[in-house]
Each structure stands twice: as structure tokens, then as C-alpha cells.
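Before any comments, here is the structure.
All of the numbers you see were taken from the coordinates with simple rules; none came from a lab. Quick caveat: nothing in here was measured; it's all calculated off a predicted structure. FYI the Cβ positions are ideal-geometry reconstructions off the backbone, even for glycines, and counts take in every protein chain you see.
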Amino acid sequence: MTTPTATAVKYLLEIQTTLQVRPRFEGSNINTWIGFKHVNYLVEEAVLEHFRNAGLPSRELFEEYGLGVDVVDLDTRILHAFHQDDVARAVVVPVTKDGDTAFGFSVTLYVERDGKELKAVTSKAKVSLRVDDYLAAVPVPAELQRFAVARLGSGAERSVHHGAEAAPAANTALSAGRGTTGADPVLEQLLAGANAFGWKWRIPYPYCHFNERLALSGYLRQVEEVVDLFLADRGISIKTLLDDRKWIPVVPRSQIQFLDEALMEEDLYTVFTVEEVFKDFTYTARTDFYVVRDGRLVQTATGRITHGYAVFENRRDWSLVGFDERVVRALNGEPAAG
């Protein structure tokens with residue numbers, strides 16, 4: 001006899017979900033445009049709704065079976081900008097293959113412009129079910145065991161720094177502030193010889209879920225913040241270019257992949273490395289995340305963004321703009337022209 005769980009898993013693996021999603025007001029930082037972080041939140045919400053429609057919402061999976069729903073791999077392309085009050089049609093299509101140990105989904109968001117529906121976002125997401133170990137274990141239904149993991153992360157793209165010995169400094173105590181971008185032995189080790197910027201930061205409770213783990217949303221917030229700090233460090237802060245030129249940052253693509261777990265109140269080392277400046281129009285940068293455990297570096301996640309600039313023409317319209325010499329030199333880590 002087919003069990004309710006088997007029916008639900010069959011839905012997760014085979015049935016398409018369509019829903020409406022709307023970006024949050026918080027994501028509108030410049031004029032009425034919505035930033036990449038909140039676009040990714042829409043993708044995550046669409047995936048969570050797919051689980052609800054299947055009859056296995058995140059709450060039930062955790063409370064009944066001790067399984068936490070974690071988006072552990074996300075690759076999102078933004079084709080058209082979102083604005084405040086946009087209502088998007090989200091389509092979630094299962095793409096899990098035989099033998100996969102994580103659920104796979106293709107997510108597409110559509111918006112209406114001038115009476116036409118446009119494909120605004122395409123995204124690929126993978127979801128793991130993390131077995132909770134805070135309380136006594138409960139039996140996991142057979143149909144879910146394939147996707148249940150004792151620890152998050154693939155470890156597939158860990159950097160050369162992973163496992164290296166490290167000697168952390170005690171400079172994220174509350175009396176010293178939450179973090180540092182200054183002299184720090186672990187940051188110096190991670191940044192050596194690279195066109196990179198580093199930030200050490202104590203992981204706070206609001207960035208975590210399921211008792212202790214840094215959530216996908218926490219990593220997205222971290223990417224947004226390290227970009228802000230990097231640009232300020234290079235002398236082209238977001239407000240500087242807004243005031244001087246009315247330039248706004250745009251991120252047409254973002255990726256995050258979990259390699260391990262980062263835990264509440266650990267010190268997280270975030271390294272932002274510029275990889276390529278492409279035709280003075282966009283640049284790609286890699287973001288790597290580390291903690292130190294037992295005196296060794298552990299890489300917990302990696303990701304990339306593609307970043308550019310747009311100039312706004314009025315409160316509604318903007319257009320992409322090429323980098324000038326000042327911006328190119330800053331991105332390449334070169335001193336400003338004399």
C-alpha cells in the first residue's frame with residue numbers, strides 16, 4: 001500500500017508547482033529596485049511552497065521526523081529587474097536524477113511588463129534534509145532516507161586552504177566589536193598573494209536556523225555585506241558612486257554552494273576574490289567562507305557573483321554602464337591614477 005509519505009515524495013520528484021510571490025519591502029534599497037539577495041529569497045520561498053504543496057512542509061519535516069530543510073546549492077540568473085509591488089509567477093520544476101541524494105529543482109520567475117509576461121529569473125536549487133541531533137532521533141520514513149544527511153555540504157570545491165593549520169586571534173569579542181577587516185593572522189593567510197578582501201565576523205543568532213546552523217539567507221546577507229565592505233575598502237563605496245554618478249550596483253548572477261556547516265557564534269572568515277574584469281562592463285568574484293576548528297581551516301561554503309553598474313535616469317528607469325579607469329583600477333587592486 002502506498003504511504004502518504006511516498007505520495008508526497010512522488011510529488012516532490014515529479015510534479016510542477018506554480019505560485020505567486022512578491023518581494024519584500026526590505027529588499028528595495030535604491031529607488032524601487034529589488035536586490036539580488038531578495039530575489040534569491042523568492043526562489044527559496046518558491047521551493048518551500050513546493051514542499052508544502054507536496055504535503056511535507058518544512059515545519060512538519062522537522063517536528064515529526066527531525067529533518068531540517070536546507071537549500072544547499074543555488075545558482076540564480078536575473079534577466080529583468082524586480083521592483084517594489086511586483087507580483088511574480090513562480091514555476092518550480094523537479095529535476096532530481098536517479099541516485100541524487102539531494103532534491104533538485106529548476107525555478108523560473110515571470111513578471112509582467114507592458115502587458116507582456118517576461119522571464120525575469122532562472123535558478124537551480126538543491127535541497128538536503130539535515131537530521132537534527134539536538135534531540136533524540138526519530139525514525140526517518142524510508143522514502144526520505146535517501147535525502148537525509150547527518151551533515152550538510154558536498155566538499156566538492158573546497159579550496160587549497162581547507163585543512164590548513166591556522167592560529168586565530170581573539171579579536172571578535174563583543175568588547176572589540178563583532179568583526180574585523182584589519183590585521184588578523186588567519187585573514188593574512190587566506191589573502192596572501194590574491195586580489196582579495198577578507199572579513200572576520202562572529203556568526204549571530206538571527207543569521208541561523210534549526211538551532212545553530214548558518215542558513216542560506218545568512219550566507220546571502222554575508223555576500224551582500226562583504227561586497228559593500230570590499231568596495232569601500234577600494235575607495236569606490238556604493239554611496240560614493242551613487243553621489244558622484246548615480247551609479248547603482250547590479251548582480252545579474254549569484255551562486256552559493258554549501259561545503260560544510262558553519263555554526264552560531266563561530267568566527268566566520270569571508271574572502272572576496274576578484275577573478276575577472278570582463279570588457280570593463282562586469283566583473284566576477286568568488287566568495288569563500290571558512291571557520292577554524294581544532295586549529296585547522298574548514299571551508300563551509302563557496303560562491304560567485306557577477307557584478308556591474310547601472311546609471312539611473314529617473315526613479316523608474318536605468319541602463320547598464322561601462323567601468324571607467326578609476327573603477328577598473330580599484331577592482332584590480334591597483335593604486336588610483338596620479
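FRET efficiency for Lys279 and Ala136, Cβ-Cβ distance as r, R0 = 51 Å, nearest 0.05?
Working: r = 57 Å, r/R0 = 1.12.
In this case the efficiency is close to 0.35.
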Gap separating the Cα centres of the stretch 21-73 and the stretch 166-223, nearest whole Å: 24 Å
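Normalised radius of gyration for the stretch 151-338, please: alpha carbon Rg relative to 2.2 N^0.38 Å, two decimal places. Numbers along the way, then the final one.
Working: Rg = 17.2 Å, N = 188, 2.2 N^0.38 = 16.1 Å.
Compared with the compact-globule rule of thumb, the stretch 151-338 sits at 1.07.
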Label-point gap, in nm, between Ser175 and Gln145 - each point 7 angstrom along Cα→Cβ: 5.3 nm
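Find out how many positive minus negative residues lie around Ile203, taking Lys and Arg as positive, Asp and Glu as negative, among other residues whose Cβ is under 15 Å from that of Ile203.
On the way: positive: Arg178, Lys200, Arg202, Arg213, Arg221, Arg293; negative: Glu212, Glu225, Asp260, Glu261, Glu265, Glu266, Asp267.
With Lys, Arg at +1 and Asp, Glu at -1, the net is -1.
Sort out the exposed loop chymotrypsin sites (Phe, Trp or Tyr not before Pro) in the chain (DSSP loop, at most 14 other Cβ within 10 Å) and tell me the longest stretch that has none.
135-280
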Per-selection Kirkwood Rh - the stretch 1-97 (Cα, Å, 1 d.p.): 14.9 Å
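For the stretch 103-207, what does the alpha-carbon gyration tensor say about shape, rounded, prolate or oblate, given a ≥ b ≥ c as the root eigenvalues, a/c under 1.5 as rounded, and a/b over b/c as prolate? Intermediate results must be reported in sequence, preceding the final value.
Working: a/c = 2.12, a/b = 1.32, b/c = 1.60.
Oblate, since a/c reaches 1.5 and b/c is not below a/b.
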Rg(Cα)/(2.2 N^0.38 Å) for the stretch 181-233, N = residue count: 1.29
GNM flexibility winner over the chain from Glu212, Glu266, Glu14 (Cα, springs under 10 Å): Glu14
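Given a cut-off of 30 Å, name the pairs among Lys126/Lys246; Lys239/Lys279; Lys37/Lys200; Lys116/Lys239; Lys126/Lys239; Lys97/Lys279 whose C-alpha atoms lie farther apart than that in the structure shown.
Exceeds cut-off: Lys126/Lys246; Lys116/Lys239; Lys126/Lys239; Lys97/Lys279.
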Ala194-Arg245 pseudo-label distance in nm [points 7 Å out on the Cα-to-Cβ vector]: 2.6 nm
Full-extension gain in nm, Asp294 to Gln20, via 0.36 nm per residue minus C-alpha separation: 94.0 nm
Per-pair calculated FRET efficiency, R0 = 56 Å: Glu265 and Glu112 via Cβ, rounded to 0.05: 0.80
Residues whose placed amide H lies under 5 Å from that of Val250, excluding near-sequence neighbours: Gly308, Tyr309, Ala310
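Using a cut-off of 12 Å between beta-carbons, work out the net charge of the residues near Asp267 (Lys and Arg +1, Asp and Glu -1, Asp267 not included). Write out the running numbers ahead of the final one.
Values: positive: Arg178, Lys200, Arg202, Arg293; negative: Asp184, Glu265, Glu266.
Surrounding charge for Asp267 is +1.
Out of the DSSP beta bridges found with both residues in the stretch 105-222, what percent are antiparallel (nearest 5)? Intermediate results must be reported in sequence, preceding the final value.
On the way: 13 of 15 bridges.
Around 85 percent antiparallel, to the nearest 5.
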Length released on extending from Val311 to Arg89, taking residue separation times 0.36 nm less the Cα-Cα span: 77.1 nm
Helical segments meeting 20 Å axial Cα length and Kyte-Doolittle 0.0 threshold in the chain (DSSP H): 216-233
Phi-based couplings in Hz for the stretch 159-164 (Karplus 6.51, -1.76, 1.60; Gly and Pro marked x): 7, 5, 7, 4, x, 5
Sum of side-chain charges, Thr240 neighbourhood, beta-carbon under 11 Å (Lys, Arg +1; Asp, Glu -1): +2
Relative contact order (percent, whole number), the chain, Cα cutoff 8 Å, 6+ residue spacing: 16 percent
